[in-house]
Structures are given as C-alpha cells and as structure tokens.
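Here's the structure, in structure tokens; my notes come after.
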C-alpha cells in the first residue's frame with residue numbers, strides 16, 4: 001500500500017520533536033488535510049496531544065510488544081485515506097533497547113519504508129551541525145534522511161549560518177527553522193508532558209503551535225517528501241480478531257485523574273462486544289447504570305487526590321461493587337485509587353480501600369521501562385493454551401512514582417515479575433474476588449490479547465447473562 005507519510009525523529013531526546021509533530025499535525029489539519037498520527041513506543045501522553053492536533057486517534061507502534069507484521073498492519077489500517085501520516089519517534093533516531101538497534105526509531109523507519117525528517121536542537125551550534133548530519137547519514141545506509149528541521153534557532157542570523165553550513169557540507173535539505181519561542185513550550189509534570197485532555201486551553205495551545213510551525217516549516221516540501229514514501233506491505237494480514245458474542249457494558253474512568261488508555265485497546269473493547277461507558281471519578285457520584293465490569297486506567301490520581309477523596313459516595317459504591325464480585329481491572333493510577341490511601345508531598349487522602357494498604361508517591365520513579373511477567377495460577381481471566389508457557393509470558397511496560405506501603409498485605413498475585421518492578425520487585429497484579437489491579441500497563445496485541453480475556457471474563461460473570 002502506498003500512503004504519504006513521514007517519520008519525525010531527532011538527534012537526541014528532548015530536541016523538540018513532540019512539539020514539532022504536534023505543530024505539523026495541526027498545520028496540515030488546518031490546511032484541510034486528513035492527518036493520521038502515530039507514536040513509536042509505549043506512551044500515553046504524547047498521543048493525547050497528537051490526537052487533539054490531528055483530530056483523529058493516535059496509534060502506538062512498538063517493537064517490544066508487537067512483531068513487525070502487526071506494526072505494519074496497524075500503520076496500514078489506520079492510515080488508509082489519509083493525505084499524510086505523521087509518525088513521531090521516541091528518543092534519538094538510533095537509540096533503543098538493544099545493542100543492534102533492532103527496536104530503534106531507525107529500525108521502525110526502515111521497516112515502514114518511511115522517509116525521516118530529523119529534528120535538531122541547534123542551540124549553540126553552527127559548523128558542528130554538518131558532521132552531526134553526515135554521521136547520522138553514514139551510520140545506517142538504509143535510513144533515508146529526507147530533510148532537517150532546525151529547532152531552537154537563535155534568530156535569522158543564526159538560521160542563515162546553519163543553512164549555509166548544511167548546504168555546503170551535506171545534501172540534506174533544510175525544510176524548516178523553528179526559532180526559540182516560549183509559546184511553543186508545552187506544560188510538563190513528573191511523568192512527562194501534561195496530558196492534553198487535562199489542559200483546559202489545549203485547543204488554543206495546539207492551534208497556536210500549528211500556526212507557528214506553519215510559518216517556519218515548508219509544509220509543501222514536507223508533503224512532497226511524504227508522497228515519496230515507498231509502498232509498504234506485510235507477509236501476513238496479522239489483525240487481532242475478536243468474537244463479539246454477548247454485548248456487555250463496561251464503565252471506564254476518563255477524567256483528569258485517569259486518562260492513560262491505548263486507542264487500539266479501546267477499539268478492541270468495541271470489537272469484543274463491549275460498550276464502554278465513561279464516568280468521571282471526581283464529578284460523578286455513582287457508577288453508570290447496568291454495568292457488567294469496570295476499567296480504571298492509569299493517570300495522575302495524586303494531583304486530584306483531594307477531590308477524589310471528597311467523592312465518598314462513588315468510592316463507597318466501587319468498594320461495594322468489588323465486594324459483590326463485579327469484574328474490575330485497574331492499572332497503575334487505578335491501583336492507587338483502589339488502595340487505602342494516597343500520600344504525596346506531605347498530604348494524605350483516603351481512597352476506595354479495597355486494597356488494604358496505602359500508596360506513597362515518591363520524588364523518583366519506583367518502576368520504569370519495559371517489563372516481562374509470567375502469569376501465575378492466581379491469574380483470574382481465561383487463557384488460551386494455558387499449558388504453553390509462552391502464552392503465560394506478557395511483555396508490557398511500567399512507569400510509576402508510587403509504591404505500596406506494605407505490599408505483603410495484598411493477597412494473591414496474578415503475575416510473577418521476570419523483568420521490572422511491579423508491586424514489590426517479584427510480583428504484580430493484586431487479585432481479590434473478581435478484581436485485578438497492577439502497576440504494569442498492558443497493550444492488547446496478538447501475543448497478549450488481554451482485552452478479549454478480560455471481556456470474556458466479564459461475560460462469564462455477568463448476572464445479566466446468567
């Protein structure tokens with residue numbers, strides 16, 4: 001399939017590629033283009049901004065949790081009919097988990113046959129930018145660096161110097177020069193960028209970024225580069241199929257405290273026959289009516305803990321529903337909410353209390369990066385080919401600043417941690433009645449179809465279908 005697309009990467013982390021990717025999505029959308037955004041790697045926050053900017057859901061592409069065919073199928077499926085697809089990388093172009101670079105941005109650009117636009121933080125640079133570009137070109141002959149966007153340019157004089165150096169020593173065109181501008185600054189917090197759906201003036205912010213990028217980047221030239229992307233295809237049409245079966249209602253917390261959800265996971269719920277009914281843990285005093293299950297994802301509950309604590313009626317109902325065997329799945333921030341309390345910056349607030357210990361938010365990450373887990377006998381959901389050990393292995397990720405006060409009090413565990421931290425460095429996934437709560441963030445993939453497993457579990461427990 002031929003689809004116009006570009007890969008926005010950088011020479012190093014924190015070069016401004018996210019802001020520029022957001023601006024490009026907004027600028028092209030402002031031109032009336034159909035823009036499809038993608039994000040490499042495990043990330044919840046950047047996709048929220050990219051989705052707002054493009055006006056379409058952003059999908060993640062990750063070597064660790066998906067194989068090559070699944071990645072390509074995701075890209076093909078969700079870029080159909082687009083005028084341009086914009087893939088934002090993570091970290092630097094050649095950075096990655098493995099020494100051979102097999103899961104780097106460069107590897108994804110090669111796999112997807114996508115021309116790369118290299119974002120370079122040009123602060124303090126002049127002639128030194130040439131060997132940097134030449135080195136990035138020479139390091140991997142399969143990489144097509146089709147253009148450079150200079151970021152944090154010091155002014156028109158600085159821009160002119162950089163342009164002349166690059167034109168003299170390289171054959172890479174400069175397709176943009178973005179000058180230092182406080183209006184391009186995105187709000188941040190300890191897990192990275194502040195989620196766009198929590199930022200009250202997000203639309204105005206994105207529109208402004210789009211206008212700045214449009215004025216300093218050659219959009220037509222970038223579209224031409226995107227149009228040059230080669231045809232991509234897969235060896236197999238690896239698409240996760242879900243049987244609908246019974247229609248169920250699953251309440252999902254989506255608000256300023258809980259907003260970490262992968263779009264492909266949400267799509268999978270619908271494909272599995274689930275109606276996702278959103279509720280607000282701060283404003284709503286009761287759960288939606290006639291629900292068969294509950295899903296509370298990650299987020300920043302510590303920033304909203306006072307308001308969460310004040311909503312006593314909702315906390316009591318959730319506690320009661322869990323005691324009455326409602327199927328519940330919670331990740332990270334959701335686990336914190338179901339614990340006895342949250343303690344942060346010298347303050348403490350009562351939470352749901354199903355998990356009989358409190359959570360403490362620290363100044364440094366307690367668990368960070370990719371994880372490998374093995375399902376234990378306590379894993380509550382249905383499994384396919386449970387005798388096959390590979391089916392018991394889950395590859396996922398974690399990023400949490402909190403820990404439980406006394407994890408030894410948390411009863412049975414669904415997962416044994418082979419790599420990562422989880423709850424206590426050895427286990428993750430607290431199981432109580434029909435509740436499963438873990439620090440790990442799962443992704444619904446062919447190797448880990450957790451959404452189908454959870455929805456099948458919900459259907460098997462639903463009193464409405466008994």
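Of the listed requirements (1) part of a loop (DSSP other than H, G, I, E, B); (2) touching a helix residue (DSSP H, G or I) at 6+ places or on another chain (Cβ under 6 Å); (3) more than 24 Å from residue 367 (Cα to Cα), residue 256 misses just one: (3).
When 39, 13 are screened for being in contact (Cβ under 8 Å) with a residue 12 or more places away in the chain, assigned by TED's automatic domain parsing to the domain that holds residue 58 and not in a strand (DSSP E or B), only 13 passes.
Looking only at segment 28-41, which residues are over 20 Å from residue 71 (Cβ atoms) and surrounded by fewer than 24 Cβ atoms within 10 Å (Cβ to Cβ)?
29, 30, 31, 32, 33, 34
Of the residues making up segment 310-345, those that are without any contact (Cβ under 8 Å) to a residue 60 or more places away in the chain, assigned to a helix (DSSP H, G or I) and in contact with a helix residue (DSSP H, G or I) (Cβ under 8 Å, 6 or more places away or on another chain) are 315, 318.
Quick check: anything in segment 432-450 in a strand (DSSP E or B) and without any contact (Cβ under 8 Å) to a residue 60 or more places away in the chain? Write out each step before concluding.
Let us first name the residues in segment 432-450 that are in a strand (DSSP E or B), namely 432, 435-438, 441.
Going one step further and asking which of them are without any contact (Cβ under 8 Å) to a residue 60 or more places away in the chain, we end up with none.
Within segment 432-450, none of the residues are in a strand (DSSP E or B) and without any contact (Cβ under 8 Å) to a residue 60 or more places away in the chain.
Looking only at segment 12-29, residues that are closer than 11 Å to residue 89 by Cβ, in contact with a helix residue (DSSP H, G or I) (Cβ under 9 Å, 6 or more places away or on another chain) and modelled with pLDDT under 95 come to 1 in all. Once segment 107-131 is narrowed to residues that are in contact (Cβ under 8 Å) with a residue 60 or more places away in the chain and assigned to a helix (DSSP H, G or I), the residue that is farthest from the chain's Cα centre (by Cα) is 109.
Checking each residue in segment 163-189 for being part of a loop (DSSP other than H, G, I, E, B), at pLDDT below 95 and out of contact with any helix residue (DSSP H, G or I) (no Cβ under 7 Å at 6 or more places or on another chain) picks out 180, 185, 187. In segment 402-423, the qualifying residues are those that are assigned to a loop (DSSP other than H, G, I, E, B) and modelled with pLDDT under 95, and the one that is nearest to residue 364 (Cα to Cα) is 405.
If you go through segment 42-58 and keep only what is surrounded by fewer than 24 Cβ atoms within 10 Å (Cβ to Cβ) and in a loop (DSSP other than H, G, I, E, B), you end up with 42, 43, 44, 55, 56, 57. Restricting attention to segment 276-300, the residues being outside any loop (DSSP other than H, G, I, E, B) and surrounded by 22 or more Cβ atoms within 10 Å (Cβ to Cβ) number 6. Taking the criterion of being within 20 Å of residue 227 (Cα to Cα), in contact with a strand residue (DSSP E or B) (Cβ under 8 Å, 6 or more places away or on another chain) and not in a strand (DSSP E or B), the residues of segment 59-104 that qualify are 74, 75, 78, 79, 82, 83, 89.
The values are calculated or read from the model by the stated rules, or taken from the named source; none is laboratory data. Owing to the predicted nature of the structure, the values given are computational and were not obtained by experimental measurement. FYI the Cβ positions are ideal-geometry reconstructions off the backbone, even for glycines, and counts take in every protein chain you see.
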